[in-house]
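The values are calculated or read from the model by the stated rules, or taken from the named source; none is laboratory data. Given the structure is predicted, the values throughout are model-derived calculations rather than measurements. All Cβ positions, glycine included, derive from the backbone under ideal geometry; neighbour counts span all protein chains shown. For the accessible areas, the whole protein counts, side chains as well, though only heavy atoms, and no ligand, DNA or RNA atoms are used. Shrake-Rupley method; radii C 1.70, N 1.55, O 1.52, S 1.80 Å.
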Amino acid sequence: MSDTQKLIKLAKQNYKNRLPEQYSKNDTNEVLRQAFIDLNGGSTKLDFKALRRNGAAMFEIIEQIL
């Protein structure tokens, strides 16, 4: 299972309140937040260059979660 698939699975578990024991809701939210920061080139502000490079991965995660 790829890291993206693991992230999507964790997000779905968070939504359904069925988290693995090692994660709290806050931990899960932080993992998701950090994944998007990493895909955005390490910035917490939206970077359009990073979005062009990694936008497909970002939108794939969002699409699967929704």
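Leaving ligands, DNA and RNA out of it, report the carbon-plus-sulfur percent of the accessible area of the chain at a 1.4 Å probe.
Numbers: 2580 of 5110 Å².
On the chain, the fraction of accessible area on carbon and sulfur atoms equals 51 percent.
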Over the C-alpha atoms of the chain, what are the Rg and the largest Cα-to-Cα span, Dmax, in Å? 12.2, 37
Taking the solvent-accessible surface of protein heavy atoms with a 1.4 Å probe, what is the per residue accessible area of the chain in Å²? 77 Å²
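Just from its helices, what would the mean residue ellipticity at 222 nm be for the chain, if runs of 4 or more DSSP H residues each count -39500 (n - 2.57) and the sum is divided by every residue, rounded to the nearest 500 deg cm²/dmol?
Details: 3 runs with 46 residues, N = 66.
Calculated mean residue ellipticity at 222 nm is -23000 deg cm²/dmol.
Give, rounded to the nearest 20 debye, the magnitude of the charge dipole that the chain has about its Cα centre when Lys and Arg contribute +1 at Cβ and Asp and Glu contribute -1 at Cβ.
Numbers: 11 positive and 8 negative charges, 29 e Å.
So the magnitude is around 140 debye.
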Summing +1 per Lys or Arg and -1 per Asp or Glu among the other residues with Cβ less than 13 Å from Gln34's Cβ gives -3
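Once you keep just the Cα pairs under 8 angstrom separated by 6 or more residues, what percentage relative contact order results for the chain? Please list the in-between numbers first.
Numbers: 32 pairs, mean separation 21.6, N = 66.
Relative CO of the chain lands at 33 percent.
Work out how much length Glu21 to Gln5 would gain on full extension: take 0.36 nm times their residue separation and subtract the Cα-Cα distance, in nm to one decimal. If you can, show how the numbers build up before the last one.
Numbers: separation 16, 0.36 × 16 = 5.76 nm, distance 1.89 nm.
Here the answer is 3.9 nm.
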